[in-house]
Amino acid sequence: MKKRKPLRTADGTYLHLNQTKNFQTFFSGLINYLQSKLQRVEVEEGKHYYTCGQTHENYNKNWKPFQHLWNYTDKKSLDFYAVKNMIDEFFFRELECECEILCGDKEIRRRELEKMGVYFGEPGRRDVDVI
């Protein structure tokens, strides 16, 4: 049986990932890991985004916002909370879910507007209506 490396403390995680090479290696591995775990949605031919498939609301019992990030940091023997804080700093805002790491700002803004009642119509059409 393979012996696991001990989990790094939050300070150890910050020191390890503060080096640009280590952070880039970790982050590119995280992106590949999330792409394999999250659902891919085709928008148009050649355009897609990734989603967890759940509404980002606290009352949704099926929503587990950072389950894959938790598993990935555990595999890499890093502190989850330190990594989460570093990723939030990287994006200049607090993320609600790990699927926001893979989808662009345009898709995030579109979802926020849809929550507020803006209807965009069918894909490819320019019908915009406010409910």
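The table that follows gives values for the structure above.
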| read-out | value |
| --- | --- |
| Overall form of region 38-84 per C-alpha gyration tensor (a/c, 1.5; a/b vs b/c) | oblate |
| Cα-projected label distance for Ser28 with Lys5, points at 7 Å along beta-carbon direction, nm | 1.7 nm |
| Sequence of Asp74, Asp79 once ranked by neighbouring C-beta atoms within 10 Å, starting from the fewest | Asp74, Asp79 |
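Rule-based calculations on the coordinates, nothing more; no lab input. None of these values were measured; they are calculated from a predicted model. All Cβ positions, even for glycine, are placed from backbone atoms using ideal geometry, and neighbour counts span all protein chains on display.
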